Ligand code: S3P
């Protein structure tokens, strides 16, 4: 069993990082943050607007800083954006500060789940299937490199995924409580 202070979800758009993250946080009694929603709340601008004004590079810098802040503490579940793993410093940070779960989803399922979505700037063009395929090819190795555990969400609802993943995490991940090593817990264990 691995110890890590936080639980981090990575994976492509439509893999269910936010809804599954929220459910897992509830199961483990931890706080939950969606990094993209937090960036939007802090800047007062949508992810699409940040892409428009600052380009993808500007968004990635904000994403890296946001994740560093969220993961500086302990006892939190964080859903990252699908492209967070592109940045090598972000990959190192996620690995250092979290038990990282890669939620996998195939392109056909992504197209279904995201059919009505108009908020994601990378899907604003015509050929969504081609874009998602290309992203998958470049990013799959990065998800694999970053993650401690891979879980396929293709055939499951978010509730089913969270339940199954919760069981696996019970066995594979030990949350590092923030008071571990404090004098009180040291006394209690001796
Ligand atoms: C992105 C995924 C989005 C968001 C932004 C860029 C990507 O997050 O961060 O639109 O590069 O794949 P979700 O994975 O939550 O959709």
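Worth pointing out:
- Given (1) more than 10 Å from the ligand (Cβ to nearest atom); (2) part of a helix (DSSP H, G or I), index of the condition residue 101 fails: (2)
- When residue 102 is tested against the conditions (1) surrounded by fewer than 17 Cβ atoms within 10 Å (Cβ to Cβ); (2) in contact with a strand residue (DSSP E or B) (Cβ under 7 Å, 6 or more places away or on another chain), the lone failure is (1).
- Among the residues making up region 142-190, those that are part of a loop (DSSP other than H, G, I, E, B), modelled with pLDDT of 95 or more and surrounded by fewer than 15 Cβ atoms within 10 Å (Cβ to Cβ) are 154, 155, 157.
- In region 96-110, the residues that are out of contact with any helix residue (DSSP H, G or I) (no Cβ under 6 Å at 6 or more places or on another chain) and farther than 25 Å from residue 163 by Cβ: 96
- Selection within region 29-39: residues that are surrounded by fewer than 16 Cβ atoms within 10 Å (Cβ to Cβ) and more than 23 Å from residue 105 (Cα to Cα). The member of this set that is nearest to the ligand (Cβ to nearest atom) is 31.
- Filter result for the condition that a residue is assigned to a loop (DSSP other than H, G, I, E, B), within 14 Å of the ligand (Cβ to nearest atom) and surrounded by 22 or more Cβ atoms within 10 Å (Cβ to Cβ), over 21, 14: 14
Residue-by-condition table, conditions (1) within 11 Å of the ligand (Cβ to nearest atom); (2) surrounded by fewer than 18 Cβ atoms within 10 Å (Cβ to Cβ):
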{"site": "43", "(1), (2)": "no, yes"}
{"site": "53", "(1), (2)": "no, yes"}
{"site": "63", "(1), (2)": "yes, no"}
{"site": "68", "(1), (2)": "no, yes"}
{"site": "75", "(1), (2)": "no, yes"}
{"site": "86", "(1), (2)": "yes, yes"}
{"site": "96", "(1), (2)": "no, yes"}
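- Test result for residue 8, part of a strand (DSSP E or B), buried (at least 20 other Cβ atoms within 10 Å of the Cβ) and either within 11 Å of the ligand (Cβ to nearest atom) or modelled with pLDDT of 95 or more (or both): yes
- Candidate set: region 104-137, residues that are assigned to a helix (DSSP H, G or I), in contact (Cβ under 8 Å) with a residue 24 or more places away in the chain and within 11 Å of the ligand (Cβ to nearest atom); chosen: the one farthest from residue 55 (Cα to Cα): 113
- So residue 35, is it more than 30 Å from residue 167 (Cβ to Cβ) and modelled with pLDDT of 95 or more: no
The values are calculated or read from the model by the stated rules, or taken from the named source; none is laboratory data. A quick note: this is a predicted structure, and the numbers were derived from the prediction, not measured. Cβ: placed from backbone, ideal geometry, glycine included. Neighbour counts: every protein chain shown.
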